[in-house]
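In what follows, a structure is listed as structure tokens, so that the remarks can point back to it.
The values are calculated or read from the model by the stated rules, or taken from the named source; none is laboratory data. Quick caveat: nothing in here was measured; it's all calculated off a predicted structure. No Cβ is skipped: glycine too gets one built from the backbone with ideal geometry, and neighbour counts run over all protein chains shown.
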Amino acid sequence: MSGNEMKYIEEAFRDNWIAPLGPNVDNFEKDLAAYLGVKHVAALSSGTAAIHLALILLGVKPGDYVIVQSFTFSATVNPIVYLGATPVLVDSEPDTWNMSPELLEKAIQDKRQKEKDKRKIKDKRKKIKGVEVKAIIGVNLYGMPAKWDEIIAIGNKYGIPVIEDAAESLGSRYNGKMCGSFGKFGILSFNGNKIITTSGGGALLSDDEEMIARARFLATQARDKAPHYQHSEIGYNYRMSNIVAGIGRGQMEVINERVRVRRENFEFYKSNLSGIKGVSFIDEPGPEYFSNRWLTTILIDPEITGTDRERVRQELEKQNIETRPLWKPMHLQPVFRGYPAYVNGVSEGLFEKGLCLPSGSNMTTEDKERVVENLRGCFGY
């Protein structure tokens, strides 16, 4: 915590704004919009809720296709299945570890052609256009921006709206533009492990005022304007509370400091571990990339180091140092087995070799030195 959160929480208690919504929500949305350079923000209960609403607003229905990055957390993909749609899982490119534009375009072309062929067989008398892919969801993994110029261009080429999952990348930039502001919608998460937190929460971002207004309507149980409780369509309990938003307002006051510290963590680890043969880091591919370095990650090549990621993780755990493997790709997850997938081996290789290091904003120099010392010991340095 920054120390400023209680000011907004106590204000809410003093003014009796305990119920959902209120001044903290309004102001948190304004703070986010100003920071990110987007026109409209809906503060929600989670990043997952934001993805769910974005898909609803784009008209995703049962049977539709949504192309989504495979190398991510399951919350990126789950809302597609909530709606009865089919996730089409696309592998990563090695520069940023995010969605491969080449495989994205291949997936779009394949799905269009296959659906067109099905329709022609079903009814040769009618001119069938074929089922369109309804949306593309890309991710900025571990804070590294995806190749948004290419992904957005492909979406525009085929008339498919893009959703930017920026849950891990608040404070990151691509070509000087803030992550979360690309595509038709951006989504954020303020879960407890994110670079800023509201304990739990998220946001939906867009320059489309009408879409965000409708998102707020759906997120408050789709209550019609009437003196009584009346509902003409299904809604959701997805709005952020006034208390939680107060935490967010205090956190926004230190977002730049949080980004600075996370980037310093990365530089500390890199400067102290780069001399170990077989251990590597993901660098920003060019000057157009600026990562918040939400988590510092390393790749361990067992053929060079003589040990693998899992043995290193277990050795560190014995010293009460928690590390985690990189995300297991969605096309390898039991729950998503059988869904269409376009893979090139990149994310599988990263999962096998990758380890997330302790990266909290409150880590001391002594904390980081202890991690480095134990890591070096794992490799015999």
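Scan the range 274-291 and tell me whether some residue there is without any contact (Cβ under 8 Å) to a residue 60 or more places away in the chain, charged (D, E, K, R) and touching a Leu at 6+ places or on another chain (Cβ under 9 Å).
no
Would the range 232-243 turn up any residue that is touching a residue at least 24 places away in the same chain (Cβ under 8 Å), more than 29 Å from Asn4 (Cα to Cα) and not basic (Lys, Arg)?
Yes, the range 232-243 contains at least one residue that is touching a residue at least 24 places away in the same chain (Cβ under 8 Å), more than 29 Å from Asn4 (Cα to Cα) and not basic (Lys, Arg).
Here are Ile247, Ile304, Ile234, Ile298: which of them is in the same structural domain as Ile51 (by TED's automatic domain parsing) and outside any loop (DSSP other than H, G, I, E, B)? Reasoning before the result, please.
On the way: Ile304 fails: in the same structural domain as Ile51 (by TED's automatic domain parsing); Ile234 fails: outside any loop (DSSP other than H, G, I, E, B); Ile298 fails: in the same structural domain as Ile51 (by TED's automatic domain parsing).
The conditions single out Ile247.
Can you name the residue in the range 129-146 that is closer than 19 Å to Val88 by Cβ and aliphatic (A, V, I, L, M) and, of all such residues, is farthest from the chain's Cα centre (by Cα)? Step through it out loud before you land on a result.
Step one: list which residues in the range 129-146 are closer than 19 Å to Val88 by Cβ, which gives 129-139, 141, 146.
Checking which are aliphatic (A, V, I, L, M) leaves us with 131, 133, 135-137, 139, 141, 146.
On the way: Val131: 27, Val133: 21, Ala135: 16, Ile136: 13, Ile137: 9, Val139: 5, Leu141: 7, Ala146: 11 Å.
Filtering first and then ranking leaves Val131.
Take the residues in the range 222-246 that are over 10 Å from Ser45 (Cα atoms) and of a type in the set (S, T, N, Q), then tell me which one is surrounded by the most Cβ atoms within 10 Å (Cβ to Cβ).
Asn242
In the range 69-86, how many are within 30 Å of Asp283 (Cβ to Cβ) and in a strand (DSSP E or B)? Spell out the reasoning first.
Applying the first criterion (within 30 Å of Asp283 (Cβ to Cβ)) to the range 69-86 yields 69-77.
With the extra rule that they be in a strand (DSSP E or B), the set shrinks to 69.
Going through the range 69-86 one residue at a time, the tally reaches 1.
Could you look through the range 250-285, keep only residues that are assigned to a helix (DSSP H, G or I) and acidic (Asp, Glu), and pick out the one that is surrounded by the most Cβ atoms within 10 Å (Cβ to Cβ)? Can you show your working first?
At the first step, the residues of the range 250-285 found to be assigned to a helix (DSSP H, G or I) are 250-252, 255-273.
Narrowing further to those that are acidic (Asp, Glu): 257, 264, 267.
Numbers: Glu257: 11, Glu264: 15, Glu267: 12.
The qualifying residue surrounded by the most Cβ atoms within 10 Å (Cβ to Cβ) is Glu264.
Select, from Ala49, Ala42, Ala34, the only residue that is at pLDDT 95 or above, assigned by TED's automatic domain parsing to the domain that holds Pro101 and loosely packed, with under 15 Cβ neighbours inside 10 Å. Let's see the steps before the verdict.
On the way: Ala49 fails: loosely packed, with under 15 Cβ neighbours inside 10 Å; Ala42 fails: loosely packed, with under 15 Cβ neighbours inside 10 Å.
After applying the criteria, what remains is Ala34.
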